[in-house]
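A short write-up of the structure that comes next.
The values are calculated or read from the model by the stated rules, or taken from the named source; none is laboratory data. Remember, predicted model here, so these are calculated numbers, not experimental data. Cβ sites come from the backbone with ideal geometry, for glycine too, and all protein chains shown count toward neighbours. Protein only, heavy atoms only, side chains kept; ligands, DNA and RNA dropped before computing areas. Shrake-Rupley method; radii C 1.70, N 1.55, O 1.52, S 1.80 Å.
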Amino acid sequence: MPQYTAPLRDMQFVLHELHQVEAELRDLPAHAELDADTMNQILEEGGKFAADILFPLNHSGDREGCTFNPETHAVRAPQGFKDAYKQYVEAGWPALSCDPAFGGQGLPMVVNNAFYEMLNAANQAWTMYPGLSHGAYECLHTHGTAAQQALYLPKLVSGEWTGTMCLTESHCGTDLGLLKTRAMPQADGSYQLTGSKIFISAGEHDLAANIIHLVLARLPDAPVGTKGISLFIVPKFMPDTEGKPGPRNPITCGAIEEKMGIHGNATCQINLDGATGWLIGEPHRGLNAMFVMMNAARLGVGMQSLGLTEVAYQNAQAYAKDRLQGRALGGTKSEDTPADPIIVHPDVRRMLLTARAYAEGGRAFTSYIALMIDRELNHPDAMQRQEAADEVALLTPVVKAFLTDNAWIATSEAMQVYGGHGYIAEWGMEQYVRDARINMIYEGTNTIQSLDLLGRKVLMDNGAKLRKFGEKIQAFVVENGSDEAMSEFISPLADIGDKLTKLTMEIGMKAFQNRDEIGAAAVPYMRVVGHMVFAYFFARMAKIALEKESSGDNFYTAKLATARFYFARLLPETAMLIRQARSGAGNLMALDASLF
Ligand SMILES: Cc1cc2nc3c(=O)[nH]c(=O)nc-3n(C[C@H](O)[C@H](O)[C@H](O)COP(=O)(O)OP(=O)(O)OC[C@H]3O[C@@H](n4cnc5c(N)ncnc54)[C@H](O)[C@@H]3O)c2cc1C
C-alpha cells in the first residue's frame, strides 16, 4: 500500500530560506505579526491531518467511488469522506486563509497553499470538496453584495456549507459564449434559472448541510456570446435570513459520471428546473466575476498536480530502495542480497529525479505565486499591489498547465519505477496517473492556458509583464554572474532567458501575418516559459545549497544534486520545444480537414 509523509523540511526550506516569507509578510500589515514558528506549527498539524485522516481514504475512495440515488437525486461520497470532512470543519481548517470579518483566521495564501499541497497529495478527490468551496468564497468575497456576503460567507468559511462552480453545458465547454441556461427576473429581485449543466465537481454529496452553486446563465436581454453571461448564487436549500437552510431549491443532480480518476469526487449533471437564484455582480458581467473563482481554481489545479507529483515520488523512491532486481552495471552494491535494489540503475534514478525535480520546482514556484497573491491583496503600496497582480496574471496559466503536464509525466515515471506492479491497483500508483490526467483538462485545457499565456498575457501586452518578470531573473544573473560555483546554473538560465525573448519576438512578428501562428506555437511556448521559471528557482535554490552544503546537512547536498539533474536533464527539453514553436503553423494547417 502507498505511503505519504508531509514534506515539511522542503516546505520550510522554500518558505523560509528561499522566499524569506516571514520578512516578506512584515511588509503586509494583515500578516506582519506572523512568524516562522507559527507557520511551521500550522503546516505540521496540517500534514498530520492530511497523512492520518485523508490519506487512508484515498485508495478506498477510488475503489468505492460515489453513489447516486436516482429516486432522491442524492449522492453519497465514499465511506469515511463525510467523517473526515466533519473533522476538517471541527478543526477550523476551512477558515485558515479566510477574512476574519466572516469568521476566518486571516492567514496568508502562502500558508494555505502549502496546506493544500498536502491535502491534495493525500487525497485529491476529497480535497476538491473544500477546494471548490474556497473558490466560491473568494468569488463572493470579491463580487457579492454586503447582504450576500453576510448570508453566505460565514457558512462557507466555517465549512458548514460547500460551493461549486457551474459553467459547463453539454454543447459548451471551452467556449462559454455558447451557454444556454436562462435566468428570468422575478418581481422580488430574484431570478428563476432553467437549464442543464454537466461535469459539475462536488455538485451533490452528503458532506455538508447545504451546497452553494455559482451558476453562469443568460438574462432574457443578454447579448450573444461571452458578453451576455451573468453569474448567480443558487443554493441547494434556500436559506432564511438567519442562514438556516430552508426549502429545497429545484437544482438537482440528474446523474454522476463514471470516469477515469478522482472517483471519490462526484462529477454531476446538474438540472435547474426553475431554481431560484440571485445575481452576483453586474448583469452580463458574470464571466468577469467568475474569473475570480476560475483563477483560484487554476492555481488550485496546479496544487493538485504538485501534491500528486510529491506523493508519487515518495512511493517510487521507497520502492526503488526495496525492490531487488539485477546488479549495478559497475559491480555488485549489495553483497548480502540476491540482487541489488533497483535504485542502483541509472534509468531508475532518472525517473525518480524527474519526479523529485518537478515536485521541488513546483513547490518553489507555487509558493512564490501564493506570496505574490498575498502582496496583491495586502501590500499598502498600490504600485506594489499592481506589480504583484501582473505577475500573478502572467504566471497563473503556467502554474496550471506546466505543473499539470509535469505531474502527468512524474506520476507515469513513478509508476514505471514499479514495473508491472505499478500497473496493478493494490500498489496505488496507477491511481495517481489516472487522477493526474484530469488536471490537464479541466479549468480550461492546457491548450487554452497556453493560448491565454502567449496570446493574452504576452503578445496583447507587448511582452511588458514578461519583461518585468525577466528583469528579476536578469538581476539574479548579474548578481551571480562572476561566481564560479554558480556558473553551471547561471549560464543556462541566462541562455533560456535570451532565447525566450527572441522566440517571443519571432512569434509576435509572424502573428501579424497569420493568427494561427499563435495557436501553433502556444503549447511548446508555455513549456519554455515554465522551464525558465523553474530554472530561475532552481538556480536560487542551488545558491542557498552551495552556501550551506558545508554545514553537513544532507538536505543541501540533495538539493544541489536535484538542481544539477534539473539543469542537465529536464531544462534541455527547451531546445526541442523552441524548434517546435518556431516551426510555424504550416506543418499543422497544410492538411485539409477532409484528409484527416
Ligand atoms: C472530471 C471533470 C470535472 C469537471 N468539473 C467541472 C466543474 O466543476 N465545473 C464546470 O463548469 N466544468 C467542469 N468540468 C468541465 C471542464 O472544465 C471542461 O471539460 C473543459 O473546460 C473542456 O471543455 P469540453 O470538455 O467541452 O471540451 P471542448 O471545449 O469541446 O474542447 C475539446 C478540445 O478542443 C480544444 N479546443 C477547444 N477550443 C479551442 C480553441 N479555441 N483553441 C484551441 N483548442 C481548442 C480543447 O483544448 C480540447 O482539447 C469538469 C470536467 C471533468 C471531466
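Residues checked against (1) outside any helix (DSSP H, G or I); (2) at pLDDT 95 or above; (3) within 22 Å of ILE409 (Cβ to Cβ):
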{"site": "TYR525", "(1), (2), (3)": "no, yes, yes"}
{"site": "PHE534", "(1), (2), (3)": "no, yes, yes"}
{"site": "SER550", "(1), (2), (3)": "no, no, no"}
{"site": "LEU560", "(1), (2), (3)": "no, yes, no"}
{"site": "PHE565", "(1), (2), (3)": "no, yes, yes"}
{"site": "GLN580", "(1), (2), (3)": "no, yes, yes"}
- Item | Selection from region 69-118 of residues that are within 25 Å of GLU426 (Cα to Cα) and open to solvent by 20 Å² or more (accessible area, probe 1.4 Å) | ARG76, GLN79, GLY80, LYS82, ASP83
- Query: Is it true that some residue in region 419-428 is open to solvent by less than 10 Å² (accessible area, probe 1.4 Å), within 20 Å of the chain's Cα centre (by Cα) and of a type outside the set (A, V, I, L, M, F, W, C)?
  - Reply: no
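Restricting attention to region 406-416, and to residues there that are among the aliphatic types (A, V, I, L, M) and within 30 Å of ALA393 (Cα to Cα), which single residue is nearest to the ligand (Cβ to nearest atom)? Before you say what the answer is, go through the steps one by one.
So in region 406-416, the residues among the aliphatic types (A, V, I, L, M) come out as 407, 409-410, 414-415.
Within this subset, residues satisfying the condition of being within 30 Å of ALA393 (Cα to Cα) are 407, 409-410.
On the way: ALA407: 15, ILE409: 18, ALA410: 20 Å.
So the residue we want is ALA407.
When you look at THR276, is it within 16 Å of the ligand (Cβ to nearest atom) and surrounded by 15 or more Cβ atoms within 10 Å (Cβ to Cβ), yes or no? Before you say what the answer is, go through the steps one by one.
Working: within 16 Å of the ligand (Cβ to nearest atom): no; surrounded by 15 or more Cβ atoms within 10 Å (Cβ to Cβ): yes.
Criteria not met by THR276.
In this structure, is ALA187 within 21 Å of ALA125 (Cα to Cα), more than 14 Å from the ligand (Cβ to nearest atom) and either among the hydrophobic types (A, V, I, L, M, F, W, C) or open to solvent by 10 Å² or more (accessible area, probe 1.4 Å) (or both)? Steps first, answer last, please.
Numbers: within 21 Å of ALA125 (Cα to Cα): no; more than 14 Å from the ligand (Cβ to nearest atom): yes; either among the hydrophobic types (A, V, I, L, M, F, W, C) or open to solvent by 10 Å² or more (accessible area, probe 1.4 Å) (or both): yes.
The answer is no for ALA187.
Only helices (runs of 4 or more DSSP H) wholly contained in region 417-497 count here; list those with 1 or more residues that are within 16 Å of the ligand (Cβ to nearest atom) and under 30 Å from LEU324 (Cα atoms). Even if it seems obvious, please write down each step before you answer.
Working: elements: 429-439, 446-451, 464-480.
Passing ranges, in order: 429-439.
Which of the residues spanning region 206-238 are open to solvent by 10 Å² or more (accessible area, probe 1.4 Å), of a type outside the set (S, T, N, Q) and either assigned to a strand (DSSP E or B) or within 19 Å of HIS143 (Cβ to Cβ) (or both)? It would help to see each step written out before you state the result.
If we filter region 206-238 for residues that are open to solvent by 10 Å² or more (accessible area, probe 1.4 Å), which is where we start, we get 206-209, 218-227, 236-238.
The next check asks that each one be of a type outside the set (S, T, N, Q); those that pass are 206-209, 218-225, 227, 236-238.
Of everything in region 206-238, those that are open to solvent by 10 Å² or more (accessible area, probe 1.4 Å), of a type outside the set (S, T, N, Q) and either assigned to a strand (DSSP E or B) or within 19 Å of HIS143 (Cβ to Cβ) (or both) turn out to be ARG218, LEU219, ALA222, LYS227, PHE237, MET238.
Would you check which residues across region 165-174 are open to solvent by 10 Å² or more (accessible area, probe 1.4 Å) and within 6 Å of the ligand (Cβ to nearest atom) and list them? Steps first, please.
So the first thing to find is which residues in region 165-174 are open to solvent by 10 Å² or more (accessible area, probe 1.4 Å), and the list is 165, 167-168, 170-171, 173-174.
MET165, LEU167, THR168, GLY173, THR174 - these are the residues of region 165-174 that are open to solvent by 10 Å² or more (accessible area, probe 1.4 Å) and within 6 Å of the ligand (Cβ to nearest atom).
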- Message: Can you tell me which of (1) among the acidic types (Asp, Glu); (2) within 15 Å of the ligand (Cβ to nearest atom); (3) more than 24 Å from ASN69 (Cα to Cα) is the one GLU204 doesn't meet?
- Response: (3)
- From ALA388, ALA370, ALA401, which residue is of a type in the set (A, V, I, L, M, F, W, C), within 15 Å of the ligand (Cβ to nearest atom) and open to solvent by less than 10 Å² (accessible area, probe 1.4 Å)? ALA401
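Farther than 22 Å from ALA6 by Cα, open to solvent by 20 Å² or more (accessible area, probe 1.4 Å) and part of a helix (DSSP H, G or I), is that true of ARG375? Talk me through it step by step, then tell me what you get.
Values: farther than 22 Å from ALA6 by Cα: yes; open to solvent by 20 Å² or more (accessible area, probe 1.4 Å): yes; part of a helix (DSSP H, G or I): yes.
Yes.
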- Query: Where in region 1-111 are there helices (runs of 4 or more DSSP H), lying fully within it, with 2 or more residues that are out of contact with any Leu (no Cβ under 7 Å at 6 or more places or on another chain) and at positive phi?
  - Reply: none
